[in-house]
1. Which of the residues spanning segment B:393-424 are within 11 Å of another protein chain (Cβ to nearest Cβ) and assigned to a loop (DSSP other than H, G, I, E, B)?
2. Please verify whether segment A:93-105 includes one or more residues that are farther than 17 Å from A:L174 by Cα, open to solvent by 10 Å² or more (accessible area, probe 1.4 Å), in contact with an Asp or Glu (Cβ under 9 Å, 6 or more places away or on another chain) and basic (K, R).
3. Of all residues in segment B:1-58, how many are more than 18 Å from the chain's Cα centre (by Cα) and part of a loop (DSSP other than H, G, I, E, B)?
4. Restricting to segment A:290-322, name every residue that is under 12 Å from B:G464 (Cα atoms), buried (at least 16 other Cβ atoms within 10 Å of the Cβ) and either of a type in the set (A, V, I, L, M) or more than 10 Å from chain B (Cβ to nearest Cβ) (or both).
5. Of everything in segment A:269-279 that's touching a Phe, Trp or Tyr at 6+ places or on another chain (Cβ under 9 Å) and within 7 Å of chain B (Cβ to nearest Cβ), which residue is surrounded by the fewest Cβ atoms within 10 Å (Cβ to Cβ)?
6. Of the residues that sit in segment B:441-450 and are open to solvent by less than 10 Å² (accessible area, probe 1.4 Å) and more than 7 Å from chain A (Cβ to nearest Cβ), which one is nearest to B:I390 (Cα to Cα)?
7. Of (1) at the interface with chain A (Cβ under 7 Å from one of its Cβ atoms); (2) part of a loop (DSSP other than H, G, I, E, B); (3) open to solvent by less than 10 Å² (accessible area, probe 1.4 Å); (4) of a type in the set (A, V, I, L, M, F, W, C), B:M334 satisfies all except one. Which?
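The values are calculated or read from the model by the stated rules, or taken from the named source; none is laboratory data. As the structure is a prediction and not an experimental result, all values here were calculated from the model. Because the Cβ atoms are built from the backbone with ideal geometry, glycine has one as well, and the counts that use them run over all protein chains shown. Protein only, heavy atoms only, side chains kept; ligands, DNA and RNA dropped before computing areas. Shrake-Rupley method; radii C 1.70, N 1.55, O 1.52, S 1.80 Å.
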Amino acid sequence: MSIELKKQVIDILKILQEKDIEIEASKLADELNVDYIVLMSAINDLIDNNLGGFREEEMYQVSLSQEGLTYLEKGLPERQILQILLKNEIKEINLDDLRAEAKLDENLFYVGISNLKKNKWVTQSKATGENKIFLIAEEFPETQLEKFLKKFESNEIVDYSILSKEELMQFDVLNKRKLMNKVRKTQRIIYLTKKGKSIPISEIQELKQVSKITSEMLSSGTWKKYNLKPFDVTKPGPLLKAGKIHPLVNLINEIREIFLSMGFIEIRGPIIESAFYNFDALFQPQDHPARELQDTFYLNNPKVAKLPEKDRVLAVKKTHENGGDSGSIGWGYEWDENIAKKTVLRPHTTATTMRRLAQFYRNNEKVPVKVFCVDRVFRNEKLDKSHLAEFTQVEGIVIDDNVTLCDLIGLLSEFYRKMGFKKIVTRPGFFPYTEPSMEVSVYYDKLDEWLEMGGSGIFRPEVTYPWGIKEPTRVLAWGQGLERIAMLYYDRTDIRDFYINPIKWLREQSYLK
Amino acid sequence: MPTIELKIERLERLVGKKLDLKELEYDLQWIGLDLEDTNVEEQKVKVEYNPNRPDYSSPEGIARALKGYYELELGIPSYEVRPGEITLNVDPSVKKVRPYIVCGVIRDIDLDEDEVATLMNIQEHLHWAVGRDRRKVAIGVHDLDKIIPPYRYTAVKPDSVSFIPLHGDGYPMNLEEILLLHDKGIEYAHILEGKDVYPIIFDNNDEVLSFPPIINGVLTTVTNDTENLFLDLTGTDFKAVNLALNILSTTLSDMGTKIESVKVNYQGGKEIITPNLNPKKWEVKKGYINDIIGLELSLTEMLKCFQKIRMDAKKSKKNGYLDIWVPAYRGDIMHPVDFTEECAIGYGYFNLPLTIREGGVGAYHPIQDFSSKIRKIMIGAGYLEILNFILTSSEKQYDFMKQNYDKTNIVEIANPVSKEYNTTRKKLLPQLMDTLLLNRSEEKPIRIFEVGDIILLDPDEETGTKREVHLSAASYHEEADFTEIRSTLDFIMISLGYENDFEIKPNKNLSYIDGRYGEIYLKGSKVGEIGEIHPEVLLNFKLEFPVAAFELNLQDFL
């Protein structure tokens, strides 16, 4: 069977036969003026036909370092100093003066001086004092070191193995002076097999195979004459560096869609919030541990926030102190307006919910109001694999007449069913601003486990009454953090991944889990 | 959340029922307890209780609830308080330092090892959950037979009284010395900070029982031979000191001891007798409870629910109302609504049906909606979305970007977790640069964008700040330049239909290269900046290739 090769491959084979030596691939590519990849693909064709091959060899390449390159231009420090002496016709000089003139860094200056002495161009006699040198030579021929340095004027990179014994000594000197770089390289040596050396070119058929259809081929109709080179269709292509939505945003958007489909309107509120909307309006007593520095971020700037209308502030104050008109006995302490004015990075989106209740009051709105929020919150936590100081909270709220705990269970099961969890369970729980309260867990079939999702409940009358939301109008609420679910969803073991952007992961992460 | 350890064998003894670990794990959740950990080998469980139920801080307290759940005992547990003769006189001088005290006497104690451990543990829990780390309530437990009544609660000058404190070196110390030198004094001195007199309890011979809320005297140390206890609870909240006393004394009573009352004599003839374990009566509308839960329980059914959670309930004389009695160890009932949860727990959350109420038309927030559109355009332009914290460091945000800033003019967190998170971001770009730093060895080109919140100081706003949504994009590779990023910006503007409404005005900015920077104007007002990043900024972020980037305020597009 005759051998078929592409024209380019035949040309390369011809040259290799003429040369009749082994040759390094990149050198050959340079000589032939072809791309290295094109050459290697041609060599692969030769390999396929048992005509040639290559082997890999390790080699060292040496080149000048950044500092070395500057000496190529300006001369070594010793030459630079000498030039000063010669230019000014100085035979003897105080070292300090010379140094001032030379404008060299202290270290380099002394390297230069020591080499001047080594070259026997100058001397420094103890008798005349340490600080003086004398020019003693008449001629200053190029040193071995300088000759070696010049080698790099034409060739930036030199093969270490071809250095002579003498040159190796120069190399060591320069290398010690950190003027050289030495790097290990793998090179490919191309050779022909016996068959490749002996095969007459005339016996080889030119293969009319192309890898790409060109516009010219199509318009001229010559495409018919060519074979299209087959691709290995089983191999994956290189990773596409394309645009993509962040996995967490993807999940956030899925949840926002669920809320939308359930008839909820999205709300947004301040991230830097007053303690008033964060805690006081939620009936958290002012000595509550959750308000302390180890749990909540407070701000030095801005230090205080403005409080809302006086009568509402008074209503909240009364509720804390004696229950106000809510029917509660209250906490029984003296409420301090200044504590409520403090600014915090909101630890929950419920602060925004409170603002929505206030808006409901101010606008004298009608029920039902169904709103949701998926937004950032902050807790004073040290960051580690499973803790964040800033994360995303999901919250859903219904303001309506005669809504019940059983309605809330209905909402929760619908919400989590849409998230893909078929079974939910609610248990007694405790949150300072809801009563009754429920903890929610869902069954995750992939792990055959119950997962704690978050909290839920009906807002306490102490929370809603100051905003005119009174029996039989009630507020149902539920909420949860998002990142823990995202970890399961995307199979991550480190919660910080969602905010430190490992680009490889972002490029490769699938959305459907 | 606080946790306590329960030995199954001890719990079985208290409940009076054989308990299976698996069943117990299941059952505890329905009375508001969370099983943290099960130790099958040692037959122990660790349970978490909610801070509103400090009565769950002992096995005795949990057993009370379980007995109701299993219907072994229903209704309010009864506790006998024998009237005692011991009196404690309260001097008005305590008003300005630690105004309240209540006391109790516990007789015939014969505690085993576990019970002694419980007594220690419950004090710790009460100090935390009710006492706010002793500030609101501090507990003293004394050997009654070492002291001679009547006792006296008063306030004295710090250096006027000395006594030998518990856990000290065995030498008398005055109150000031205790705060400076004694371990407990150092730990709790802050509670008495700024006071010129300190609270103290003497017996009739002027021997010191206690220096609340710091330390007891060595005189009344409880030992194995102690037969009777005197309890003092001091604090700043009258309800809280009573609650802690009630929880402590009912738990001790469950251990088989006898409770005896103490006359606490506040000046002006106001004498109270404590502990007062009488249940508190509430009148609650039956319909209200059913309405909130969403059930239609009959009177009998509802009464049973309350009995199961260890309350007593009865049809009230008032039509449609219930009289409900709450045990004295419960401090979490503030409002009739609290009975709805109690009733639901009695009924069993697992029995609650779900109802579906549909309706309403949903909508996204306009800025979020717009952000989603922007994301789609950026994805189309080939940019990868990233997310960063709003928290950041002023170093990254300003110094690394060569931006000058005035410390008084940026958001400053008072208690940051670390220097890396001492402020909130004003621009997104610095964190994009940081993302490039962390990913600089990844395959290039790297083109990233973020749509996210930034925070600006604004004294006109209620919170002194406002949040705005920005878009920032950066391209990082050998060939990245102004032309490329300008094309990207143009693509956005065209996709939004603003191609004729915006212009770039050349300007200078320290973060960018001179001559390759401009400010973006939309309909005449500045909405952003675009350019090639300055080499010094690139080096600050340890980058090896050029970066071209822009940042846009999306708020201005709405």
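1. Within segment B:393-424, the subset within 11 Å of another protein chain (Cβ to nearest Cβ) is B:406-418, B:420-424.
Within segment B:393-424, B:D406, B:I410, B:V411, B:A414, B:N415, B:P416, B:V417, B:S418, B:N422 meet the criteria.
2. Yes, some residue in segment A:93-105 is farther than 17 Å from A:L174 by Cα, open to solvent by 10 Å² or more (accessible area, probe 1.4 Å), in contact with an Asp or Glu (Cβ under 9 Å, 6 or more places away or on another chain) and basic (K, R).
3. Counting residues in segment B:1-58 that are more than 18 Å from the chain's Cα centre (by Cα) and part of a loop (DSSP other than H, G, I, E, B) gives 10.
4. Answer for segment A:290-322, where residues must be under 12 Å from B:G464 (Cα atoms), buried (at least 16 other Cβ atoms within 10 Å of the Cβ) and either of a type in the set (A, V, I, L, M) or more than 10 Å from chain B (Cβ to nearest Cβ) (or both): A:L299, A:A305, A:L307.
5. A:P270
6. Start the filter on segment B:441-450 by keeping residues that are open to solvent by less than 10 Å² (accessible area, probe 1.4 Å), which leaves B:446, B:448-450.
Those left that are additionally more than 7 Å from chain A (Cβ to nearest Cβ): B:448-450.
Values: B:I448: 17, B:F449: 15, B:E450: 12 Å.
Here the residue is B:E450.
7. If we test B:M334 against (1) at the interface with chain A (Cβ under 7 Å from one of its Cβ atoms); (2) part of a loop (DSSP other than H, G, I, E, B); (3) open to solvent by less than 10 Å² (accessible area, probe 1.4 Å); (4) of a type in the set (A, V, I, L, M, F, W, C), just (3) comes out false.
Yes/no matrix, rows are residues, columns are (1) assigned to a helix (DSSP H, G or I); (2) on the phi > 0 side of the Ramachandran plot; (3) within 7 Å of chain A (Cβ to nearest Cβ):
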| position | (1), (2), (3) |
| --- | --- |
| B:E341 | yes, no, yes |
| B:F350 | yes, no, no |
| B:K373 | yes, no, no |
| B:N388 | no, no, yes |
